[in-house]
Structures are given as C-alpha cells and as structure tokens.
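Below: the structure, in structure tokens.
The values are calculated or read from the model by the stated rules, or taken from the named source; none is laboratory data. The structure presented is a predicted model; accordingly, all values stated were derived computationally and were not measured. Using ideal geometry, Cβ is built from the backbone for each residue, glycine included, and neighbour counts are taken over all protein chains shown.
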Amino acid sequence: MSLPIMDDEFLTNPYPAYQALQSGGPVHRMLLPSGLRVWAVVSYEEARTALTHPSLSKDFDASVQLGYFDREMTEGGIPRAEHSSVGQHMLNMDPPHHTRLRKLVNKALTVRSVKKLEPVIEAISSELLDATEAVAAASPDGSVDLVAEYTSRFPVRVLGELLGIDEEHFPVLVGLTAAIMSDDNENARDNMALFGKHITEMIARKRERPGEDLVSSLIQARDEEERLSDVELVSTVFLMVVAGYETTVNMIGHGLRALLNHPEQLAALRDDHSLIPGANEEFLRYEGPGNRATLRFATEPFELGGVTIGTGEYVSVLLGSANRDGTQFVCPHQLDVRRSPTGHLGFGHGVHYCVGAPLARLELEIALRHLLTRYPDIELAVPDSELRWRRSFMMQGLERLPVRLSKG
C-alpha cells in the first residue's frame, strides 16, 4: 500500500494514518517517496523485534552491491544516496565494524562526559534567549519565531563546542543537513558530496591544529591504534552533525508545541521543574524527532508480525507509530508529563540506540527549564492549525514556531 506521506495532512498529523495501519496488522507493504518498496512495521512489539533482529542488516552498501536496492525500486523512482561516501558511518554498519566505531564515539559521549558540558550548554541557552527576547521586543506584535531564533541555533552552538567546529562554518552545514534530511532525492548525492567536502577540509585543519574536542579525538584515534579510515572519519563526523542537529531542533520544538497545546501539562511543569526529565521521555514518545528508523534489509527469510520478509527486502520501522501503540502505552494519544513511558523508541533500540541520547536529553532539559523559568506564560502567537511541517518522511520537524514570550 502507499500512504499519503507527503500530504500536508499527514505531515501535520500522521497518527490517524498510523492508527488505521495498526488496526490492519503490525506489518504492511509500503512505498516510500523515493519509490522504494519496503515492509513498514507499525506496532510496538514488532518494532522492537525488528530493531534487534539478527536477520536484518544495516549494511546498506551490501544490499546495493547484491542488487536488492535496484530490485525494490519502482520504475521512475529516484533512489536516495545513503550509500555515498559520507554514508559509511556506524548507523549503516553491522557489528563488528559498528562496534568498533561506536566505541570510539562513546568515549566522548558518555553520561559523565556530557555532564561536564552542562555549564557551557546553560550559558549558550541563556545567551540565545537574551537575543531571542530582543527580537521579540522589536516585533510589532511581540512575537518571535522560536525555531529561527532559538531551537535551530541552540544545537549549532552546542555541537560547535563538542566537535570543535567554528560557528562560521555551520550555516553551510546546517543548510545541507536540511536538504539531505528532506525528500529531495534527486539532489541527495550532490548535497552529500558537498557536505563531505566541507568536513574533509575541516578535518584537514583539525589535523594541523588539534584541540580538546571530539573531531580531534577521532583524528588521533585514526592516527594511533584504533585506525579509523579516511572515509570512516568523514562519515562519522557527518553523522554527528546531522543527528546532533536534527534531533535537538525537533525535540525542543515538539516538546514546547505539545505543552502549549496542553495548558494543564504546561502548568504542571512550570510549577514543578523536577518533572522535566520524565516529561522529556514522554515528549520523545508522544511526538519524537524522527518518523522512522533508517532502513534495514533481510539477509535471509524470516517471519515478522505474521508476514514473511524475503531475502533482500527492506524493512522500515515507523517509530512514530510504534510509540503510539495502545497495546504498549495506555491512552497513547494523550500527553501526560507524569507518565513513565518506559521503553519508548524515540532514540531507537538495540545496538543502534542513539549514541548521542545523553547529550540530547541534557539539551532538551536545559532548553525547557530555561524557557519555562523565563517565560511562564509563553503562548503560541498563531493558531496551531497554521503551523507547517518540513516535507520529510524521515524526520518530523516544524518550519516555524511563532510564540509570545510573556513573563507573566
């Protein structure tokens, strides 16, 4: 079947479509916007199974070389370029290669090491909110686009500190990130190549003048015993920039929008900031940053949700659907900041669980705490129905979030 996945109605609210799919079974044949045929997994139990199934591989290059990709593409489809050089990162690898790369990145992104960044992140958030407040004050109606002024700039500054990237280089990288994560399949390869070129030049500068940052650490690991290849080095930095930027922008925007549309939940967090860490898990369940996990393909036939997945067939786990599965979560379409949504799939599951989750959680906690402390009566400046979403089936993100920063 094919979902109207690029219709404005689906981009704004995909959950009725997900619910309809769930009522018809946990796994369905579906056509992606690129023209690729996949098995779409829409239920929670089967989603968790698929994310860890030994018969499903993330080695995208292998599937292309074996001819599976061409076989599953419909006539006239425009394939994406995940198998370009910058796509050779751990998210597109299986163990043991995945394990080796993840170990290197984990050294810089442990909960303890991320905690050391907290004062820096606090300062970045405060500085950006000062500037955002100034923009709102100069606006004729007192409104400001929080995406443009805060949520999109926040992860840029944090990633700059973590990766050691000068802020002046980020506008190009962020623009390319947005293009790559959209459904612009026709220009995907060129965009990825340009992204790779910028990262390669940045790595060359870092090799000449290393610092105390993640990119310098990865370069040193390559030059010493761990041995990252040139392609692995470039693609790992690519993954950190794309994932670190997209996830945080969308998390903060989604969480705040959800609160603004549920004033009783907003009041609960405003009155008790100790609820924020748990509420963030609920935001990730209720409307996470990604619609679906990256693709997997079957290395052998196996059964999943009552259907047989054939060798070489692709599987797409719809995370947004799984996180609204009523068999796992009570009242799944209801936002409850006091819920304990144990096991949500907002950051994935299994060996490919998001390596940057500790950093993302910390950024979301600081962002919401600062916003609710400064602006206890923050409100949408336009009706929710006027908000527009970026045209991407992979990531779910707001184009704009106009608000009024009332201090009460």
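Of the candidates Ala123, Ala47, the single residue that is under 19 Å from the mean Cα position of the chain (by Cα), assigned to a helix (DSSP H, G or I), among the small types (Gly, Ala, Ser) and at pLDDT 95 or above is Ala47.
Right, Asn323: under 17 Å from the mean Cα position of the chain (by Cα), more than 21 Å from Leu51 (Cα to Cα) and either surrounded by fewer than 17 Cβ atoms within 10 Å (Cβ to Cβ) or among the polar types (S, T, N, Q) (or both) or not? Lay out the reasoning, then the answer.
Details: under 17 Å from the mean Cα position of the chain (by Cα): yes; more than 21 Å from Leu51 (Cα to Cα): no; either surrounded by fewer than 17 Cβ atoms within 10 Å (Cβ to Cβ) or among the polar types (S, T, N, Q) (or both): yes.
Here the answer is no, as Asn323 does not meet what is asked.
Of note, Gly253 does not satisfy the criterion of being farther than 22 Å from His98 by Cβ, touching a Ser or Thr at 6+ places or on another chain (Cβ under 7 Å) and surrounded by fewer than 19 Cβ atoms within 10 Å (Cβ to Cβ).
Among the criteria (1) in contact (Cβ under 8 Å) with a residue 12 or more places away in the chain; (2) surrounded by fewer than 21 Cβ atoms within 10 Å (Cβ to Cβ), the one Leu371 does not fulfil is (2). For the residues Gln88, Gln65, the requirement of being modelled with pLDDT under 90, of a type in the set (S, T, N, Q) and loosely packed, with under 14 Cβ neighbours inside 10 Å singles out Gln65. Scanning segment 26-38 for residues that are at pLDDT below 95 and in a loop (DSSP other than H, G, I, E, B), we see that the one that is nearest to Arg324 (Cα to Cα) is Leu32.
Pairs are defined by a Cβ separation below 7 Å, a sequence spacing of at least 6 or placement on different chains, a first member in segment 22-43 that is over 16 Å from Phe69 (Cα atoms), and a second member that is aromatic (Phe, Trp, Tyr) and in a strand (DSSP E or B); the pairs so defined are Val27/Trp39.
Of Lys107, Lys116, all but one fail to be more than 22 Å from Arg296 (Cα to Cα), surrounded by fewer than 18 Cβ atoms within 10 Å (Cβ to Cβ) and free of Cβ contacts under 8 Å to residues at least 24 places away in the same chain; the exception is Lys116.
For segment 232-246, indicate whether the set of residues that are buried (at least 19 other Cβ atoms within 10 Å of the Cβ), closer than 30 Å to Glu313 by Cβ and either small (Gly, Ala, Ser) or free of Cβ contacts under 8 Å to residues at least 12 places away in the same chain (or both) is non-empty. Yes, that holds for at least one residue.
Checking the structure you have, find out if any residue of segment 196-211 is under 30 Å from Gln334 (Cβ atoms), of a type in the set (S, T, N, Q) and in a helix (DSSP H, G or I). Explain how you work it out, then say what you get.
Step one: of segment 196-211, the residues under 30 Å from Gln334 (Cβ atoms) are none.
No, segment 196-211 has no match at all.
Out of all the residues in segment 306-317, is one or more small (Gly, Ala, Ser), in a loop (DSSP other than H, G, I, E, B), in contact with a Lys or Arg (Cβ under 8 Å, 6 or more places away or on another chain) and closer than 25 Å to Phe69 by Cβ? Give the derivation first.
Step one: filter segment 306-317 for residues small (Gly, Ala, Ser), giving 306, 310, 312, 316.
The next check asks that each one be in a loop (DSSP other than H, G, I, E, B); those that pass are 306, 310, 312.
Within this subset, residues satisfying the condition of being in contact with a Lys or Arg (Cβ under 8 Å, 6 or more places away or on another chain) are 312.
Then drop every residue that is not closer than 25 Å to Phe69 by Cβ, which leaves 312.
Within segment 306-317 (the criterion being small (Gly, Ala, Ser), in a loop (DSSP other than H, G, I, E, B), in contact with a Lys or Arg (Cβ under 8 Å, 6 or more places away or on another chain) and closer than 25 Å to Phe69 by Cβ), the answer is yes, since at least one residue qualifies.
Of all the criteria given as (1) out of contact with any helix residue (DSSP H, G or I) (no Cβ under 8 Å at 6 or more places or on another chain); (2) modelled with pLDDT of 90 or more; (3) of a type outside the set (Asp, Glu), the one not satisfied by Val41 is (1). For segment 382-407, name all the residues that are part of a loop (DSSP other than H, G, I, E, B), surrounded by fewer than 20 Cβ atoms within 10 Å (Cβ to Cβ) and at pLDDT 90 or above. Of everything in segment 382-407, those that are part of a loop (DSSP other than H, G, I, E, B), surrounded by fewer than 20 Cβ atoms within 10 Å (Cβ to Cβ) and at pLDDT 90 or above turn out to be Val382, Pro383, Leu387, Glu399, Arg400.
Candidates Val135, Val172: the one that is touching a strand residue (DSSP E or B) at 6+ places or on another chain (Cβ under 8 Å), in a helix (DSSP H, G or I), surrounded by fewer than 20 Cβ atoms within 10 Å (Cβ to Cβ) and without any contact (Cβ under 8 Å) to a residue 60 or more places away in the chain is Val135. Contact annotation: residue pairs with Cβ atoms under 6 Å, 6 or more positions apart or on different chains, pairing a residue in segment 149-160 that is among the acidic types (Asp, Glu) with a partner that is assigned to a helix (DSSP H, G or I) and surrounded by fewer than 23 Cβ atoms within 10 Å (Cβ to Cβ), are Glu149/Val135.
Within segment 119-132, restricting attention to residues that are touching a residue at least 60 places away in the same chain (Cβ under 8 Å) and among the aliphatic types (A, V, I, L, M), which residue is nearest to Arg296 (Cα to Cα)?
Step one: list which residues in segment 119-132 are touching a residue at least 60 places away in the same chain (Cβ under 8 Å), which gives 121-122, 125-126, 129, 132.
So of that shortlist, the ones also among the aliphatic types (A, V, I, L, M) come out as 121, 129.
Values: Ile121: 35, Leu129: 40 Å.
Among those that are touching a residue at least 60 places away in the same chain (Cβ under 8 Å) and among the aliphatic types (A, V, I, L, M), it is Ile121.
Could you pull out the residue among Leu109, Leu101, Leu173 that is more than 15 Å from Leu371 (Cβ to Cβ) and touching a Pro at 6+ places or on another chain (Cβ under 8 Å)? Outline the logic, then answer.
On the way: Leu101 fails: touching a Pro at 6+ places or on another chain (Cβ under 8 Å); Leu173 fails: touching a Pro at 6+ places or on another chain (Cβ under 8 Å).
The match here is Leu109.
Would you confirm whether any residue within segment 224-245 is closer than 29 Å to Tyr150 by Cβ, small (Gly, Ala, Ser) and either out of contact with any helix residue (DSSP H, G or I) (no Cβ under 7 Å at 6 or more places or on another chain) or in a loop (DSSP other than H, G, I, E, B) (or both)? Within segment 224-245 (the criterion being closer than 29 Å to Tyr150 by Cβ, small (Gly, Ala, Ser) and either out of contact with any helix residue (DSSP H, G or I) (no Cβ under 7 Å at 6 or more places or on another chain) or in a loop (DSSP other than H, G, I, E, B) (or both)), the answer is yes, since at least one residue qualifies.
Does Arg102 count as of a type in the set (Lys, Arg), part of a helix (DSSP H, G or I) and free of Cβ contacts under 8 Å to residues at least 40 places away in the same chain? Here the answer is no, as Arg102 does not meet what is asked.
Yes/no per residue for (1) of a type outside the set (Gly, Ala, Ser); (2) assigned to a loop (DSSP other than H, G, I, E, B):
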site	(1), (2)
Val330	yes, yes
Gln334	yes, yes
Gly343	no, yes
Arg361	yes, no
Leu371	yes, no
